1. Just for the range 76-92: of the residues that are under 27 Å from residue 26 (Cα atoms) and part of a loop (DSSP other than H, G, I, E, B), which one is modelled with the highest pLDDT?
2. Would you confirm whether any residue within the range 145-161 is in contact with a helix residue (DSSP H, G or I) (Cβ under 9 Å, 6 or more places away or on another chain), without any contact (Cβ under 8 Å) to a residue 12 or more places away in the chain and farther than 18 Å from residue 88 by Cβ?
3. Can you tell me which residue among 185, 173 is of a type in the set (Asp, Glu), farther than 26 Å from residue 117 by Cα and modelled with pLDDT under 95?
4. Residues of the range 2-16 being in a loop (DSSP other than H, G, I, E, B) and either crowded, with 16+ Cβ neighbours inside 10 Å or in contact with a His (Cβ under 7 Å, 6 or more places away or on another chain) (or both), which ones?
5. For residue 18, state whether it is farther than 25 Å from residue 298 by Cα and at pLDDT 85 or above.
6. If we scan the range 124-142, do we find a residue that is hydroxyl-bearing (Ser, Thr, Tyr) and either surrounded by fewer than 18 Cβ atoms within 10 Å (Cβ to Cβ) or on the phi > 0 side of the Ramachandran plot (or both)?
7. Name the residues in the range 209-235 that are within 25 Å of residue 256 (Cβ to Cβ), under 19 Å from the mean Cα position of the chain (by Cα) and touching a residue at least 60 places away in the same chain (Cβ under 8 Å), would you?
Amino acid sequence: MPISFRLARFRFTVCAKDHIRFPAYKGAVFRGGFGYAFKKIVCVVKGKPCDNCMLKQKCIYAYIFETPPPEDAGMLRLYPKVPHPFVIEPPADEKLLYTPGESFPFNLILIGKAIEYLPYFIYTFTELGRQGIGKGRGKYDLTLVEGTGINDESVPIYNGQDQILANQFPVIDSRQLQHHNGSSDNDTLHISLKTPVRLRFNGHITDILEFHVLVRNLLRRISSLSYFHCEERLEVDFKGLIEKASTIRQTHSDLHWYDWNRYSTRQEQWMSLGGVLGTVTYEGNNSEFIPFLKLGEFIHIGKGTSFGLGRYEIMKSSNK
């Protein structure tokens, strides 16, 4: 990996105080509830749209949720917003109801500069527990926050009893992924899509995951996150990498479309956020892409990543 791309991953454990009911995709509840609570906590100019606020360029909420390109940005200047510097991974189980006393975890990934704002995230999720989430606004207590490293090793950094936040936690540098275990041992690459993946190709969301489509979306995401949140420009031969990616064949696909809808309070409309799930296999010389793909396991891929969409895992394959 030719850049120093920094991220930190945290595991939050909460304990239900009431019955908590989730929709089929839990990410909508966590992301929607968090956004509302975060703005309520940090917004100085109450009730004013961010687009017209004079504090927008220096506001923590605007940076995390609206993320406007700086006026002197060298890329994406014509885009109204750039990718959010965080990912919320909802509980991975299929339970839709948690009863009082039940605990469950979810993950938070912070990217680059956003790592500095960890205390705001912890405080917001604590407040969200007091307000309640899901249908019926079930309340919870935030009991533990752990920092997790590249091999999922964990370090407790906060608990709900003493409410003291430790300053030491693992920070993952993308250069660690260059030689990290878990890359494919041969030219066969198996990828499992864990949450709906929404990849854009030729201006549309596609359900055909050719390898070059995966790579195009991944490079675009890594490049913009690196530039705007890690203050580094990704200097790679984009055209050359995409041409090489086009030579890698998709040999197996067990994908299906998963549809889900959410109501956006901010936009006052229902939004369809479906994507593909399942497994896909590629054949070809993929070694040059493995560091990017490993980074993508942490930061997700495609649209809707702050909801936890676009999570995938590289599955280990046996030697030929």
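1. Residue satisfying both the conditions and the ranking: 85.
2. No: the range 145-161 contains no residue that is in contact with a helix residue (DSSP H, G or I) (Cβ under 9 Å, 6 or more places away or on another chain), without any contact (Cβ under 8 Å) to a residue 12 or more places away in the chain and farther than 18 Å from residue 88 by Cβ.
3. Only one candidate passes the filter, namely 185.
4. Across the range 2-16, the qualifying residues are 3, 5.
5. Against the criterion (farther than 25 Å from residue 298 by Cα and at pLDDT 85 or above), residue 18 qualifies.
6. Looking through the range 124-142, none of the residues is hydroxyl-bearing (Ser, Thr, Tyr) and either surrounded by fewer than 18 Cβ atoms within 10 Å (Cβ to Cβ) or on the phi > 0 side of the Ramachandran plot (or both).
7. Selection gives 214, 215, 217, 218, 221.
Per-residue answers, yes or no, for (1) modelled with pLDDT under 90; (2) touching a Ser or Thr at 6+ places or on another chain (Cβ under 6 Å); (3) of a type in the set (Asp, Glu):
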residue: 240; (1), (2), (3): no, no, no
residue: 245; (1), (2), (3): no, no, no
residue: 251; (1), (2), (3): no, yes, no
residue: 267; (1), (2), (3): yes, no, no
residue: 271; (1), (2), (3): yes, yes, no
residue: 275; (1), (2), (3): no, no, no
residue: 303; (1), (2), (3): no, no, no
residue: 308; (1), (2), (3): no, yes, no
residue: 318; (1), (2), (3): yes, no, no
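The values are calculated or read from the model by the stated rules, or taken from the named source; none is laboratory data. Source: prediction; values computed, not measured. Every residue, glycine among them, receives a Cβ derived from its backbone with ideal geometry; neighbour counts consider all protein chains shown. In case anyone asks, the SASA skips ligands and DNA or RNA and just uses the protein heavy atoms, side chains included. Shrake-Rupley method; radii C 1.70, N 1.55, O 1.52, S 1.80 Å.
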